[in-house]
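Please read the structure below before turning to the comments.
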Amino acid sequence: MSTPLSIDPEELLPRAAKPIIKVRDIAHVRFTRPDLNKASAYFSDFGLRQPQHKGDTLYMFAEAGLGPAMMFTQSDKANFCGVGLLASSAADLDKLVKEAGAVGPEPAEGWPEGKQVRLRDPAGNEVRVLYGPSPDVPAVRRAMTMNLMDERNRVNELQRPPLRPSTILRLGHCVLSVLEFNQVARWYMDTLGLVPSDIQILDRFEPALVFLRCDRGDEPADHHTIVVAQNVENKFSHAAFEVIDMDDIAMGQEHMFSRGWKHAWGMGRHLLGSQLFDYWRDPWDDKFEHFCDSDLFTGDRPADVSLLTMGGLYQWGPPVPHDFEAPKISPGFILRTLRNIRNSHEMTFKKMFRLLKVAKQKPRSWKA
């Protein structure tokens, strides 16, 4: 497992002294898909609700989200398009137009009373920053009451969670693999005010992964909202959705198995962020996570620094599947990798082999 190192995080990824704005949370992720009906069926079983088809676009919602949590546009190919983040005020949108060259403000797609601006991060992902009224949050079941050794709270009551899709409360975070790590991480910090919670390094001064959270000052925020990980190409890694509790993850897992969907990894507990997790692959092989019980940090908490290891992915759980992050090797992938590294300012062949060495590590010697 990764142990925090005595390295000043400000030497690796110093916080932005004056970011343009400070976003408050994540709002949505967007994709293209060749079959919107199949996407609707899968993500309904996954736990999103109220699928809405409008023209060539499908919107799906979380229980406590602002606007749609996922958007899908009809296309011949399945691709990741980008991410939406929530601004703190309407004035933030105008600042991004003036100081970052954002397009807008304009009506927020799928959110009738919301407004948005559009930018692109250095990896080419479209980033929409949104602001609008908060909706009424529908009632969902309470978290399960646990009978612990010194807390006997449930007497003459049964625990019988239903077999049904997990109850997705909100989109929690999105993980991006990028070629130019420092450039992309700095953009999210300098433009949108995200701050590091954990930085993972290949050696003393070579960061390769950062967990970025929203800086809400004294108001606690999730351990991470955007994760940036260095890779040999720009690609989507996964998006994660918060659910009610561990039983909601587990019963949702049972439901997904009963529908024949493809499991990716879990259940387990992450080391960095502490979330209980369970991962699934959609019909186009992209990964999506159910989670609960995230660490919460105020804005002043400094980042921890640790070595990048496979053991740093989790405290407990089944072994990490060999294909969890490994790319599908093909002639096209090899050609793209060669071209990307030759044209990159940050990725080198030496770094690529070091990242591959990490990916091949066996994190638990006592597990197969």
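Values as computed for the structure displayed
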{"read-out": "The stretch 7-77: trypsin sites (Lys or Arg not before Pro) in DSSP coil with no more than 13 other Cβ atoms inside 10 Å", "value": "LYS77"}
{"read-out": "Selection of trypsin sites (Lys or Arg not before Pro), the stretch 307-368, meeting DSSP coil and at most 13 other Cβ within 10 Å", "value": "LYS328, LYS360, LYS367"}
{"read-out": "Scattering profile of the stretch 104-168 at q = 0.24 Å⁻¹ [log10 I(q)/I(0), Debye over alpha-carbon scatterers]", "value": "-1.08"}
{"read-out": "Assigned charges on the beta-carbon of Lys, Arg, Asp, Glu; the chain dipole about Cα centre (debye)", "value": "1120 debye"}
{"read-out": "Rounded Å value of the spacing that divides the Cα centres of the stretch 49-66 and the stretch 22-45", "value": "8 Å"}
{"read-out": "Nearest-20 debye value, the stretch 219-368 charge dipole, Cβ charges on Lys, Arg, Asp, Glu", "value": "1380 debye"}
{"read-out": "Long-range Cα-Cα pairs in the stretch 174-321 (distance over 23 Å), rounded percent", "value": "37 percent"}
{"read-out": "Dipole magnitude of the stretch 5-79, debye to nearest 20 (Cβ charges: Lys/Arg +1, Asp/Glu -1, about Cα centre)", "value": "280 debye"}
{"read-out": "Ratio Rg/Rh, restricted to the stretch 153-201 and using Cα atoms, in which Rh is the Kirkwood radius", "value": "1.29"}
{"read-out": "Label point distance in nm, MET146-THR3, each placed 7 Å from Cα along Cα→Cβ", "value": "2.7 nm"}
{"read-out": "For the chain, radius of gyration divided by Kirkwood radius, i.e. Rg to Rh on alpha-carbons", "value": "0.95"}
{"read-out": "Cα-derived Rg to Rh of the stretch 270-368, Kirkwood definition", "value": "1.01"}
{"read-out": "Sparse-neighbour loop sites [chymotrypsin sites (Phe, Trp or Tyr not before Pro); the stretch 267-368; at most 10 other C-beta within 10 Å; DSSP]", "value": "TRP366"}
{"read-out": "Set LYS22/LYS54; LYS287/LYS357; LYS287/LYS351; LYS38/LYS357; LYS77/LYS350; LYS328/LYS362 screened for pairs whose C-alpha atoms are more than 29 Å apart", "value": "LYS22/LYS54; LYS38/LYS357; LYS77/LYS350"}
{"read-out": "Label-point gap, in nm, between GLU99 and SER330 - each point 7 angstrom along Cα→Cβ", "value": "4.2 nm"}
{"read-out": "Viscosity 1.306 mPa s, 10 °C: Kirkwood-radius Stokes-Einstein D of the stretch 1-73 over Cα pairs, µm²/s", "value": "103 µm²/s"}
{"read-out": "Average Cα contact separation per residue, the stretch 172-242, under 8 Å, 6 or more apart, as relative contact order %", "value": "48 percent"}
{"read-out": "Selection from GLY266, PRO331, TRP316 lying farthest towards where the dipole of the stretch 245-368 points positive, charges on Cβ", "value": "PRO331"}
{"read-out": "Cβ-defined net charge surrounding GLY252, 10 Å radius [Lys, Arg +1; Asp, Glu -1]", "value": "-4"}
{"read-out": "Where only C-alpha atoms are counted, convex hull volume of the stretch 90-225 per residue in Å³", "value": "216 Å³"}
{"read-out": "Part-to-part distance (alpha-carbon centres) for the stretch 79-132 and the stretch 337-368, which is given in Å", "value": "33 Å"}
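No value in this document is a laboratory result; all are computed from the given coordinates. All of these numbers come straight from a predicted model, not from anything done at the bench. When we count neighbours, we look across all protein chains shown, and the Cβ atoms used for this are built from the backbone with ideal geometry, even at glycine.
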